[in-house]
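Here the structure comes first, spelled out in structure tokens, and everything after it is commentary.
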């Protein structure tokens, strides 16, 4: 009864009236029974959590091109083979960059006690070039926006170190719009070095992009542009960016910056692709995925071992339940998301001719916190088809359907080609507190909430695999912001896009 | 009216009946009017916040024996002189210790990817001896308690690195018992190295003492004992201590530890002592204080620039109001609290013959968050005398009086000699999240809540200075736990002691 009335509400929210469910693409009763079984099993399984624990505790940070990344590939492949999947390691050429020494200190500033320096908390941004080993020392220019920087002009910026103290909007994040808050701030991390270098700056430091106030540095990719000098780029903790700004208002501040990362020759990483072959339409594919690489400061638990582990859990639960999907369920652990979606872009290139037979692509890459529903990147009619799935997911509090342009991070590469994309709609209020910091560790994953996410993704994946008809494909132009994100080595989170919401 | 009825409640709570107020030691109406003026002025003043800002932003960390500490002494003395106080710099011989390189990494552990290491977040504890420059590498023994360590015995501990993974009880802290939570955990920081060394361990690492989960190391003093080898002692972040424990349960874990702090010859720091001379009884003294030194990781904003600044604010507000107290109000910025109350112990030694004329000593050293009242270390009758003060402080939510044995940190040295001690009763739920970490910075101080604390301390100090009679002195034996804390270089927070509560 509850499910039925929920369904009515959903359809009404979409502007339809009850009874108009598209019967032509409805799940069979036996499939709905299987979904209920999978849902209950997901909420009782430790499989995913144990995989997150191994990836983070035992393997640790999985930086693109690192031995740990390679170890993670072997681990995931081995685990998927244990589940009986057909496993392929797809080679992906990736950039390789390694962190070196990193140090920032104020060597002269208003009120300084003799020659006493103040040490700041800093980290290099992914892809940054290095300072000389002894560092660079220069006066600071502190600004809050690109406009403010432009207004200063080359005369006042040349030869200086620019500090972008653009605060992360934690209130917006707390209000459920973490992605928007991130979008506002990440522009400085992605493009600050170029903007500063255009005016002759010799280094660029951004206020760490994220919430929390524990003097943590947040790393992440930065970008350079042809024809503009590549200058060292780092992130200060929020506290230190604010300190520099306060001091700079009172007088000249000189900062010494040492960042000695290295860019190494490209390496070959691998996407891990494991197929649970479909019984009726094995050539039609539903992807469940996360990205296997991480930044190097933490152990990449919420970003994104959790996503990979939940994808593996889908195969585990389907196998455990003795089910076989009609379409193929393909578990994918993507390579090199952080430096710029290299793994998924490689996939799209190689599998281009098969994408029209991709029934959908699912990814979890906004942490592992409680899901309230499903984000849909695709045609509005998809929400109608999925109404019974949403009704079932209300049992674990995840009954909302929200439709936008593209969902997920890696899988937007497929979404642009028309494949419907899906991600859990999650509680992201605290995600950006830990994102890209040393504190992204196993303890940030709640076993209970991870199971809730596994329930959403498993039910969704099995439903997509068993729907009578393929969902509509809707190719879309690659958005301009995505282009700049990719250059910036930045994931392209869905929340940047306008979206429509339907809530059962 | 509200004040009067409050008073009745207070007395009832103390087991008295209304009407028994000790009239012999009641404030004059003019004094009560002055208290109201000071209270309102405190809630509108930025003076204290500006002093915290200078001490932290401009001077920065004020480690005992450092140039920054000396600069802070000059700054506070200069500011107090601007207010017209008689200022004395009292020399204090202090230990000097400097942090060096610090690094911990897992070099072998279950599930390791080839030779990939896992880097841990570590910091040296104050007073720790150094490892060799290249570090020490040994197998880890992870325990949760001294009992567990003892049970293992020398055979299984000798030659190993002991990790004490005793978790801070954040729930207890959230419930308002942060001091108790701290007390449970700090024993391992203070005494872990000795306990480990007795069994032949070659280093000791404690789980950071404090709340929050942002992979922050918390420093703090550690102790050694004659006849027991001095082994390097550090603190891991909570996450890393838990990681080591999890891995050690699965197999041998080898850890490389590099800590290269230096112990230097003793130095001379100074207590800053500024007197606002009393009009009628200038030889009777009310101390308002905080400690001027800090650890070196953060800038010591909540520990304890805020305490010093609020003490300075008392003098500022009394001066601004054109008031002159009957007794002398003495602003004290204590030296070397963190390594073991060196400043206040020196004070007690030099001023021993004058302590019987100390009407009270106030200190704020549990952060700068909202006060709900006053902690009293002294005779229960003091609460009765202060009932009108508490009634006034209810205006800013700080009307509770709680009586225990000793209040404050530095000032317990005076309390032991019989001087009544006082501290604001504060919201300490988040204090130990930041305490002794890099994140103890200016932004952790709320300007509004700092003013609320200034209101409590100013009103209390002026009341103590103008009461007709001295409050009773109640000398007490130095508690055993205090002795061990002092050896451990540990502040002795009042919450460890049993106490009685009376709340208006």
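None of the figures in this text is laboratory data; all of them are computed from the coordinates on show. Just so it is clear, the model here is predicted, and its values are computed rather than measured. Neighbour counts are summed over all protein chains in view; Cβ atoms, including those assigned to glycine, are modelled from backbone coordinates with ideal geometry.
Here are a few things to note about the model shown:
- Largest to smallest principal axis extent of the C-alpha atoms in segment B:100-260, angstrom: 46, 39, 34
- Computed log10 I(q)/I(0) for chain A at 0.14 Å⁻¹: -1.28, from the Debye equation with unit scatterers placed on every C-alpha and solvent omitted.
- Between residue B:478 and residue A:88, the distance separating the two model label sites (each 7 Å from Cα on the Cα→Cβ line) works out to 7.6 nm.
- Gyration tensor over alpha-carbon atoms, segment B:303-397, equivalent ellipsoid semi-axes in Å: 23, 18, 16
- For segment B:81-166, the alpha carbon convex hull comes to 223 Å³ per residue, rounded to a whole number.
- Estimated from the Cβ-Cβ distance and a Förster radius of 60 angstrom, the FRET efficiency linking residue B:250 and residue A:283 is about 0.90.
- Order of B:237, A:190, A:409 - criterion: other Cβ atoms within 10 Å of each residue's Cβ, fewest first: A:190, B:237, A:409
- Normalised by 2.2 N^0.38 Å, where N is the number of residues, the C-alpha radius of gyration of segment A:200-281 stands at 1.74.
- Residue mean of other protein chain beta carbons inside 10 Å, B:436-449: 3
- Per residue, the convex hull spanned by the Cα atoms of segment B:249-355 amounts to 164 cubic angstrom.
- Our helix-only sum for chain A, with -39,500 (n - 2.57) per DSSP H run of n ≥ 4 divided by its residues, gives a mean residue ellipticity at 222 nm of -10500 deg cm²/dmol.
- Sorting A:308, A:206 from the fewest to the most surrounding beta carbons within 10 angstrom yields A:206, A:308.
- Cα-derived Rg to Rh of segment A:60-100, Kirkwood definition: 1.06
- Once both labels are positioned 7 Å from their Cα atoms along Cα-to-Cβ, the gap between residue B:43 and residue B:103 label points is 5.5 nm.
- Segment A:207-247: mean projected area of Cα convex hull, nm²: 3.6
- Rg/Rg_globular for the protein assembly as shown, with Rg_globular taken as 2.2 N^0.38 Å and Rg from C-alpha atoms: 1.03
- 10 Å Cβ neighbours from other chains, averaged over peptide A:113-122: 5
- The long axis of helix A:178-198 is offset from the longest Cα principal axis of chain A by roughly 40 degrees.
- Normalising the average separation of contacting C-alpha pairs (under 8 angstrom, six or more residues apart) by the number of residues puts the relative contact order of chain A at 22 percent.
- Taking the DSSP bridge list for the protein assembly as shown and keeping only pairs wholly inside it, about 55 percent are antiparallel.
- For chain A, the longest principal axis of the alpha carbon atoms and the long axis of helix A:306-320 meet at an angle near 20°.
- Sorted by Cβ neighbour density within 10 Å, fewest at the top, the residues A:120, B:355: B:355, A:120
- Peptide-level mean, for A:53-63, of C-beta atoms on other protein chains within 10 Å: 4
- Closest-to-axis residue of chain A (Cβ criterion, axis taking A to B), whole Å: A:214, 2
- Note on residue B:228 and residue B:448: their simple-model spin labels are 4.7 nm apart, each label 7 Å out from Cα toward Cβ.
- Between 0 and 90°, nearest 10: helix A:447-466 axis offset from chain A longest Cα axis: 50
- A Stokes-Einstein calculation at 37 °C with viscosity 0.692 mPa s, built on the Kirkwood radius of segment B:357-476 over Cα pairs, returns a diffusion coefficient of 225 µm²/s.
- Of all DSSP beta bridges confined to chain B, the antiparallel ones make up roughly 55%.
- Expressed as a whole percent, the proportion of Cα-Cα pairs in segment A:302-346 lying more than 15 Å apart is 53%.
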